[in-house]
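Nothing in this text is a laboratory measurement; each read-out follows from the coordinates by a stated rule. Since this is a predicted model, take the numbers as computed values, not measurements. Positions of Cβ are backbone-derived with ideal geometry, glycine not excepted, and every protein chain shown enters the neighbour counts.
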Amino acid sequence: MDARIYWIWLQCALGFGVPVQGLLGQYENAHAVYEDSEAAWRMSGVLTNRQIQKLREAALEQAQHILALCEKNSWGVLTPENPAYPALLKKTENCPLVLYCQGDAAVLNGVLPIALVGTRSSSNTSLHTAYRLAASLARAKVLVVSGGALGVDTAAHEGALRAGGKTVAVLGCGLGTDYLIANHALRENIARQGMLITEFPPFYPASQRTFPIRNRIISGMSCGTVVVEAGERSGSLITAGCALEQGREVFAVPGAAIGSAHTGVNKLIREGAKPVFCAYDVLEDYAARHPEWVNLDLAEKTLGEPPEKQVSNAPAAPRKKAAASRKTAKEPLPEPPKPAAAVMPEGLDGSAKRVWETLRETAMVPDEIALRTSLSIPEVMAALTELELEGCVTILPGKNYGLVE
């Protein structure tokens, strides 16, 4: 019988996020656990009475059904026995017994993995920072790891992909679910240029419980975790906490001292997290320890300016000394050129297209956009994130969003 079935059986019996290193140290593999007797399970000292009861009640048929679903949909199944299983994650106390994945498993090892996380309701500045930092890390051959959610996660994945790098999204639900439809296209791109992984079996629904459980995987498979923006109760602080428990480095992008949007990251810095402003700040810590992975010559020491603030390298036109002659000339002064109309980016479709067309009328807040487009607030925010990353939408005073002309 396929050895993966026994690992799936064991995961179904014990659940998600539970400590398993004691069990893995006692037994060679999941098949050995299955073949052992209940008396031996009790004698091992690594299983609770409740876990033993679950092992006794679990059936292989459920595991066989899950494996069949994966094979039908061409989804991979990684277990600790598989060489492609993330090496760093395997060392953690509560490493997943099974990882379900879509994409190229070869990206999981042989490179420096760095997690980049932050709040879903992030500011325009933080989105640009996450995007440019992820792109800069990807150009330095780093594997960018994040959670596939809205806000900073989306910007991180997009930045890595646009830079031609590799990225991994760790999902808080099973493959095949309809969670966060707005990011479906992004997930497909990640699967083609990196990997989607999850501890949860196919079609397992997302919930408030699943995301904190998956956060330990984001930090556990990464050498370090960078937090871009986080309030005092942001879920990304859970990821940072997991990283510290796992003995991994934590980095933070400093934010404004006044206001709650950056309270979490500033607190991390106060407690010892390294403040970072560019890829070099992150990678210099790993150059000596992992010379096979890190080439500091590729690490950028500046993120540059946002696209709308970049200055052309073309020489400035010479200033004409004609001001005096204009006073006596009878010809009228030329009218200033009218701003060009905003042009819809190519390939825009779905919610992003509807939001762009709505913003042609006037700038407005997300609630008003949702009312006019009949989209939900999460769908509107996902579309606005996509448009911001395309450089065609900007945030204006009063949290209004408007098109860039």
Checklist outcome for this item: If one compares the long axis through the Cα atoms of helix 60-72 with the longest principal axis of the Cα atoms of the chain, the angle in degrees, nearest 10, works out at 40 degrees
Checklist entry - Which of the pairs Lys141/Lys353; Lys267/Lys353; Lys90/Lys267; Lys166/Lys274 have their Cα atoms more than 28 Å apart in this structure? => result Lys141/Lys353; Lys267/Lys353; Lys90/Lys267
Item to check | Cα gyration tensor shape of the range 350-403, rounded if a/c is under 1.5, else prolate or oblate by comparing a/b with b/c | outcome: rounded
Checklist entry - If each residue's Cβ is checked for other Cβ atoms within 10 Å, how do Cys223, Cys278 rank with the fewest at the top? => result Cys278, Cys223
Checklist outcome for this item: Taking a straight Cα-to-Cα line shorter than 17 Å from Lys54, and setting aside same-chain aspartates and glutamates fewer than 8 residues away, one finds Glu35, Asp36, Glu38
